[in-house]
1. Under a Cβ-only charge scheme (Lys and Arg +1, Asp and Glu -1), can you give me the dipole magnitude of the chain about the Cα centre, in debye to the nearest 20?
2. For helix 15-30, what angle does its Cα long axis make with the longest principal axis of the chain, in degrees from 0 to 90 and rounded to 10?
3. At R0 = 30 Å, how high is the FRET efficiency between R29 and A321 if r is their beta carbon distance? Nearest 0.05 is fine.
4. Roughly how big is the range 1-111's charge dipole about its Cα centre, with Cβ charges of +1 (Lys, Arg) and -1 (Asp, Glu), in debye to the nearest 20?
5. Quick one: pull the percent of accessible area on the chain belonging to carbon and sulfur, 1.4 Å probe, ligands and nucleic acids left out.
6. Debye calculation, C-alpha points only, no solvent: report log10 I(q)/I(0) for the chain at q = 0.08, 0.09, 0.14 Å⁻¹, in the same order as the q values.
7. When the dipole is taken about the Cα centre of the range 48-166, and only Lys, Arg (+1) and Asp, Glu (-1) are charged at their Cβ, what size is it in debye, to the nearest 20?
8. Take the alpha-carbon centre of the range 261-297, take the same for the range 309-323, and report the distance between them in whole Å.
Amino acid sequence: MRAPTDHLTLPFFGDAHRALGAELADWTRAQNVDETDDRSACRQWVRLLGDQGWLRFCVPRAFGGALEKLDSRALVLLRETLAFHSPLADFAFAMQGLGSGAITLAGSPQQQAHYLEAVGRGDKIAAFALSEPDAGSDVGAMAMTARVDAPDRVVLEGTKTWISNGGIADFYCVFAKTELTHGTRGITAFIVDAGTAGLDSSEHITVMAPHPLATLRFNHCRIPASAQLGPLNGGFKLAMQTLDIFRASVAGAALGMARRALAEAVAYVRMRPMFGQRLADFQLTQARLGEMAALLDGAALLTYRAAWLRDCVGTATPAQAHTYSAQAAMAKMTATENAQRVIDMALQMHGGMGVRVGTKVESLYRDIRSLRIYEGATEVQQLIIGKFVLKQDAAGARA
Ligand SMILES: Cc1cc2nc3c(=O)[nH]c(=O)nc-3n(C[C@H](O)[C@H](O)[C@H](O)COP(=O)(O)OP(=O)(O)OC[C@H]3O[C@@H](n4cnc5c(N)ncnc54)[C@H](O)[C@@H]3O)c2cc1C
């Protein structure tokens with residue numbers, strides 16, 4: 001099944017986006033990866049995406065990237081189209097960007113040259129290690145520490161969990177406390193290469209859909225001081241900036257899965273015989289399809305608006321940054337929540353076939369669930385949007 005491209009005509013996109021979306025829709029349809037083992041499948045996707053040049057959209061041009069800087073609309077389109085075909089392919093693509101995003105934003109020239117070019121070629125697999133057992137939404141509660149051990153050495157102690165690409169990544173952007181009592185203002189980022197003594201990434205976590213995940217244990221893990229990424233105690237801001245770049249693209253992935261579910265539902269109801277007609281002939285079915293299409297289009301418009309805003313208006317001033325954060329939060333929340341509903345409706349239309357393991361709607365039903373939790377759960381997005389609304393209201397009252 002080929003991913004739809006009608007939305008590429010919307011004014012949010014330029015000719016380059018239209019060409020990218022169409023080429024990618026053809027390319028993804030031709031790929032066939034055995035995803036029985038998510039780890040080896042993920043490696044294979046990174047190889048394919050790297051060889052074809054798609055990973056070059058995860059890094060800036062100065063380091064082998066396709067464009068001058070990361071382009072939110074390209075990221076959204078890439079993720080949407082990949083997720084339509086394979087949520088695991090989307091995951092493999094997205095993690096190259098998210099896992100290396102902090103290096104793009106704040107890496108030293110040496111760090112950028114060493115890691116980003118390899119990420120863009122698919123020669124190194126990246127990971128982003130922020131969450132801990134007792135610090136998910138509440139990042140400031142993290143317990144992992146980084147302390148200076150010798151003039152040129154830092155020692156990491158602690159545990160990270162839910163780390164995507166854990167165990168298959170070549171390097172991890174890790175966030176740790178450098179000032180124990182300073183909350184989010186005492187966190188610093190470091191790059192830790194896989195295989196560093198004291199880093200154990202062997203504890204895999206199995207979730208309901210294919211997704212390589214692990215817990216990372218740092219036990220007296222010594223790294224050079226030059227592995228520090230960005231400013232001392234600037235790690236929280238760096239993590240949030242990295243997540244902000246990719247938040248609209250999570251919405252793009254949800255759109256891709258929802259579009260696939262709608263396409264599967266349409267194909268199914270057209271052919272399913274019922275009461276002497278086809279399932280598609282009944283008004284109840286048509287009403288449901290209409291609801292699904294509207295949920296999808298509403299989410300798509302919010303997603304493309306957020307990506308367009310970041311690309312074309314920017315986030316240079318605090319006001320622009322706040323507006324983008326709120327719009328990206330609206331996009332992520334709406335697209336992931338609506339996609340879950342659309343997929344559920346598509347599954348319902350399939351009747352028993354919808355829950356049969358191996359049908360596309362069954363796997364989509366599992367694939368979509370985590371997107372409402374990671375990179376800021378829906379409740380966290382609601383809080384971001386709510387605070388923005390109150391701030392706007394206060395600004396309006398002062399004017
Ligand atoms: C598949 C998957 C992949 C992941 N990949 C990564 C990764 O690569 N790197 C990484 O660092 N982390 C990753 N994570 C972790 C993810 O970011 C966290 O799961 C997420 O931040 C939520 O944290 P938590 O699981 O500890 O839940 P908690 O923070 O304990 O949240 C529990 C519930 O409380 C809600 N909540 C939060 N704040 C409030 C509030 N103020 N008021 C009321 N309710 C609230 C949440 O929305 C949620 O519903 C991944 C998670 C999953 C499931």
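1. 540 debye
2. The angle comes out at about 80 degrees.
3. With a Förster radius of 30 Å, E is 0.20.
4. Dipole magnitude for the range 1-111 comes out near 260 debye.
5. 54 percent
6. With one equal scatterer per Cα and no solvent, log10 I(q)/I(0) is -0.42, -0.53, -1.24.
7. 300 debye
8. 40 Å
The values are calculated or read from the model by the stated rules, or taken from the named source; none is laboratory data. Because the structure is a prediction, the values reported are computed rather than measured. With ideal geometry, Cβ positions are generated from the backbone for all residues, glycine too; neighbour counts draw on all protein chains shown. Keep in mind that these areas ignore ligands, DNA and RNA; they rest on the heavy atoms of the full protein, side chains included. Shrake-Rupley method; radii C 1.70, N 1.55, O 1.52, S 1.80 Å.
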